[in-house]
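For reference, the structure discussed in these notes is given below.
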Amino acid sequence: MEVIADGEALNRLRRVGGPDLIRKLIQLFLANLPLRVEVALAGLRGGNWAEVERAGHSLKSSAAYLGLREISERAAMLELLAANGGGSDVEPLLQDLSGAIPAFRDHLLQVVRAL
Amino acid sequence: MGRPEAWSELEGIYADLERELSALRPLCQRSSRCCRFKEYGHQLWTTSAELDYLLDHERLPAAPSAESGTCPYLKDGLCGVRDHRMLGCRIYFCDPNYASAMAPLYEKYHARIKELHRRHGLPYEYVEFLTAVDRRLGTP
């Protein structure tokens, strides 16, 4: 998954709450992203679709706030699939999200450094 | 100008938002997921005037809530302070068909509320809701 960031989303956050808001939301997201993916993977292994759905829902909106459309769209798909009982697309989707964590972390840390 | 004038203007801003939302018709599933901040990795941010407006009309919660991470005004799955809730609560919907409209709408109404602070001489702060409420309770 490529790191594509919508710069306007960050500009909007900056206009609303300044660099401090961006910094705090990124910190929250970076703490949540691996945790939610891990929870979703555990949910997948245990057939707990409610947990997978919850993780997808959480990531969908928090990624959207930061303009991380690639994550947000995949998380929305994850939420939808889990809400409908899972399916074979869930695992590759989660692997995709999991594999992309380092690149997104690097990108967001770079954003924070540039604030 | 005093607070009643500011609150009247704030209610006008909220009413304008309601009109826009009624045209967009986002769907609320009443899941209360948006009120369980910690569980879903969200935060609710608000302005100092909106927090004052809420607490001028509603009681402070009985206990701190930042640690639980759930809105202290969530009662039986519904908002217990609906008439006085903040912009972020009014504007947030899970509806995927509305997702792209949400952020620009938030920015537009937030700018009006920020301007309201200036015009009424109210100190402006943009604060994380649970921490700010706990601070009003005297919890560090």
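Data overview
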{"quantity": "Long-range HN-HN contacts of A:D6 with modeled amide H, under 5 Å", "calculated": "A:L68, A:R69"}
{"quantity": "Most fluctuating residue given options B:S48, B:S65, B:S100, as computed from a GNM of chain B linking Cα atoms under 10 Å", "calculated": "B:S100"}
{"quantity": "Difference of contour (0.36 nm per residue) and Cα-Cα distance, B:A101 to B:L21", "calculated": "27.8 nm"}
{"quantity": "Alpha carbon Rg of region B:3-136, scaled by the compact-globule rule 2.2 N^0.38 Å", "calculated": "1.02"}
{"quantity": "Charged-residue dipole, Cβ positions (Lys, Arg, Asp, Glu), the protein assembly as shown about Cα centre, Debye nearest 20", "calculated": "380"}
{"quantity": "Isolated Cys residues of chain B, judged by Cβ distance under 4.7 Å to other cysteines", "calculated": "B:C28, B:C34, B:C79, B:C89, B:C94"}
{"quantity": "Farthest toward positive dipole pole in chain B [+1 Lys/Arg, -1 Asp/Glu at C-beta], among B:H110, B:C34, B:G138", "calculated": "B:C34"}
{"quantity": "Volume per residue that the Cα convex hull of the protein assembly as shown spans, once the total is divided by residue count, Å³", "calculated": "132"}
{"quantity": "Taking chain B and dividing mean pair separation by its residue count, relative contact order in percent (alpha carbons under 8 Å, at least six apart)", "calculated": "38"}
{"quantity": "From phi via Karplus (6.51, -1.76, 1.60), per-residue ³J(HN,Hα) for region B:54-65 in Hz, x at Gly/Pro", "calculated": "4, 7, 6, 10, 10, 6, 5, x, 6, 9, x, 10"}
{"quantity": "Distance between region B:75-115 and region B:3-53 - C-alpha centres, whole angstrom", "calculated": "4"}
{"quantity": "For region A:7-114, projected area of the alpha-carbon convex hull averaged over all directions, nm²", "calculated": "6.1"}
{"quantity": "Charge dipole of the protein assembly as shown about the Cα centre (unit charges at C-beta), most positive-ward option of B:W7, A:M77, B:P96", "calculated": "B:W7"}
{"quantity": "Cross-link pairs B:K75/B:K108; A:K60/B:K38; B:K38/B:K114 - those with Cα-Cα distance over 23 Å", "calculated": "B:K75/B:K108; B:K38/B:K114"}
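Read the figures in this text as sums done on the coordinates, not as results from a lab. Because the structure is predicted, anything quoted here is derived from the model rather than measured. Glycine also receives a Cβ, built like all others from the backbone with ideal geometry; neighbour counts cover every protein chain displayed.
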